[in-house]
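Structure first, commentary second.
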Amino acid sequence: MHERGVVVGEPGLYIVGMPFQYALSSDVLPGVGRDAEYIAKHIARNLTPSGPKDRSLVLAPTGA
């Protein structure tokens, strides 16, 4: 389940390019751009100067 590409119940997980994600054109280039912009703004709203409000937005380091 998602709301405009923001996956419900999985903080930090987003999708774009799904048919009818938000509109008829969500699975073609102009629509994907609009949906990606929405998700980018959603992520930016959840950032603070000290980092994301939701710590799950931070990727864990790899190759320790």
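Readers should treat all values here as calculations from the given coordinates under stated rules, not as data from a laboratory. These numbers come from a predicted model, not from an experiment. So basically every Cβ, Gly included, is an ideal-geometry build from the backbone, and we count neighbours across all protein chains shown.
Assorted remarks:
- Shown in residue order for region 20-29 are the 3J(HN,Hα) couplings computed by the Karplus curve 6.51 cos²θ - 1.76 cosθ + 1.60 at θ = phi - 60°: 6, 4, 10, 8, 4, 8, 5, 9, 10, 3 Hz (x for Gly and Pro).
- For the pair ALA44 and GLU10 in one chain, pulling the backbone fully straight at 0.36 nm per residue adds 10.5 nm over the alpha carbon distance.
- Cβ-based net charge around GLU37, under 13 Å, with every Lys or Arg adding one and every Asp or Glu removing one: +3
- Shape of region 1-44 from the C-alpha gyration tensor: oblate (a/c of 1.5 or more and a/b not above b/c, with a ≥ b ≥ c the square roots of its eigenvalues).
- Amide H contacts of HIS2 (H built 1.01 Å from N, in plane; Pro and chain starts excluded): VAL8 sit under 5 Å, all sequence-distant by 5 or more or on other chains.
- Estimated inter-spin distance, TYR22 and ALA36, nm [label 7 Å along Cα→Cβ]: 1.3
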